[in-house]
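Below is the structure I would like to discuss, written out as structure tokens.
The values are calculated or read from the model by the stated rules, or taken from the named source; none is laboratory data. Since the model is a prediction, treat every value here as computed from it, not as a measurement. Side chains included, ligands, DNA and RNA excluded: accessible areas come from the protein's heavy atoms. Shrake-Rupley method; radii C 1.70, N 1.55, O 1.52, S 1.80 Å.
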Amino acid sequence: MHDVAVLGGGVAGATAALRLAQHGLRPAWITGRAQPGFKPGEHLSAAALPLLKTLGSDAILRSQVHRHAHSTYSAWGSDALIERNAIVQLEGPPIVLDRIAFEAAIAEQAVIAGAQRMDGSVQDVTIKTDHWQLAHDTGAITARFVFDATGRKARVASRFATRFQADKMGCQYGLYTTDPATAPRPVTLIEAEERGWWYLSVLADHRVVVNFYTDSDLPGFDTADLDVHARGTRAISTYLADYGLSLSGQSGRATSNSAWIAPAIGAGWVAIGDASAAFDPLSSHGMTTALWSAITAADAFAARDKQKMQDYADSVAKGVQDFLTARRAVYAREGRWTDSAFWSRRIAPVAPDHAATQEG
Ligand SMILES: Cc1cc2nc3c(=O)[nH]c(=O)nc-3n(C[C@H](O)[C@H](O)[C@H](O)COP(=O)(O)OP(=O)(O)OC[C@H]3O[C@@H](n4cnc5c(N)ncnc54)[C@H](O)[C@@H]3O)c2cc1C
């Protein structure tokens, strides 16, 4: 019987496994199925640095595979591209991660610290009187407490608490490449349009990712047509043309709505990372929240401190309300398409509590 099991192999799961092991525990860490290749989401906010220091993991960022993000340009509220240079950001520049390498580095530290890593998925969870039975790909695993770090699916938490969503945002993405001799200028571009918004970022390996965000229930386009629509933008299309970028063939879709669980704790479980609260990627704080929630919940669990665990759940709930307020303010800065469904939904003057619907 394990004292504690961590489900999920992303930033939240790896961090919880590491932190619990640093407290002298030997968590069973079930990482889920490996997803080879690309994982969207590469901007790590500078706010994550103190959290990585707490873990003793800040050296990970010194690897040459990551880079600092110095310039972000956005056409939001008008066609003008406004630059936000990292030099004026007090907390410092965000880091553009090699996401796969970053997660692998935390995972390696977790195993060295003593986490018992098991690859493969949990198919089902059953509560017994004083423990959980987890049906893993390789057989049954038992644990007294479960950290749910299974991402937006919140495999455990969504069975015992209500999952809410503020919108139905989805992302279509494509990876672009150019002649290896041409290093594209390392920038991030954000461009609003009537149906949603575009995002372009130069990855640390010089590939370029282009994302389009809109609500999944609104008329959109097939991901196969992403390139055609990207070429119809103003700023993004100019950048693609200037650097001779072409779609590499790698493209896909990801869920990117704002969704959360309430409450984030229950009898014998805690939800962390996206399983507790997943925010619109415009915030660029998903990984930072994953780090914070994993450390805070692991510290509370290791201290066997119920009040600390309750404080954690209260902080998640407050963070959700703060995020919803900030989200409305940011979207309200774009006033050109107030009649379009995508924009009007986000700026409607409703109390945050009423903006949420139960996730189907
Ligand atoms: C398009 C897009 C762009 C984004 N951009 C950014 C960005 O620039 N900056 C930023 O900070 N954040 C960004 N985010 C958000 C960020 O990616 C997430 O907040 C972050 O991945 C959350 O980490 P997590 O560990 O909670 O979940 P995940 O990374 O989703 O990991 C969940 C893990 O659970 C595992 N799992 C699932 N089911 C099971 C099961 N049954 N048993 C065992 N394991 C299971 C999966 O295999 C996976 O390993 C973006 C998100 C999207 C969708």
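Write down, largest first, the equivalent ellipsoid semi-axes of region 169-255 in whole Å, where each equals the square root of 5 times an eigenvalue of the alpha-carbon gyration tensor. It would help to have the intermediate numbers written out before the result.
Numbers: eigenvalues 94, 33, 24 Å².
Those come to 22, 13, 11 Å.
Mind checking which helices in the chain clear 18 Å along their axis (Cα) and have mean Kyte-Doolittle hydropathy of -0.5 or more, DSSP H runs only?
Values: long enough: 99-113 (21 Å, 1.09); 286-302 (24 Å, 0.95); 306-332 (39 Å, -0.60).
Within the chain the helices that satisfy the rule are 99-113, 286-302.
How much accessible area per residue does region 169-255 have, in Å², with a 1.4 Å probe? Could you put the intermediate results ahead of the total?
On the way: 3700 Å² over 87 residues.
Spelled out: the 1.4 Å probe surface of region 169-255, per residue, equals 43 Å².
Taking amide H atoms as placed 1.01 Å from N in the peptide plane, list the residues 5 or more away in sequence, or in a different chain, whose amide H sits under 5 Å from that of ASP137.
SER121, GLN123
Where q = 0.13, 0.16, 0.19 Å⁻¹, what log10 of I(q)/I(0) comes from the Debye formula for region 1-122, counting one point per Cα?
-0.60, -0.81, -1.02
Same structure, new question: How much accessible surface area, in Å² rounded to 10, belongs to the heavy atoms of ARG117 with a 1.4 Å probe?
Number for this one is 110 Å².
Give the long-range amide H neighbours of ARG195: residues separated by 5 or more places, or on another chain, with amide H under 5 Å away, using H modelled in the peptide plane at 1.01 Å from N.
Long-range HN contacts for ARG195: none found.
Scaled to the compact-protein estimate 2.2 N^0.38 Å, what is the alpha-carbon radius of gyration of the chain, rounded to two decimal places? Please report the intermediate quantities before stating the final value.
Numbers: Rg = 20.6 Å, N = 360, 2.2 N^0.38 = 20.6 Å.
Here the answer is 1.00, to two decimals.
Which three numbers, in whole Å and largest first, are the semi-axes of the equivalent ellipsoid of region 265-320 derived from its Cα gyration tensor as √(5λ)?
Values: eigenvalues 86, 22, 16 Å².
Working from the Cα gyration tensor, I get semi-axes of 21, 10, 9 Å.
Helix-only mean residue ellipticity at 222 nm, the chain, DSSP H runs n ≥ 4 weighted -39,500 (n - 2.57), per residue, nearest 500. What is it?
On the way: 10 runs with 106 residues, N = 360.
About -9000 deg cm²/dmol.
Using only protein heavy atoms and a 1.4 Å probe, report how much of GLU83 is accessible, in Å² to the nearest 10.
90
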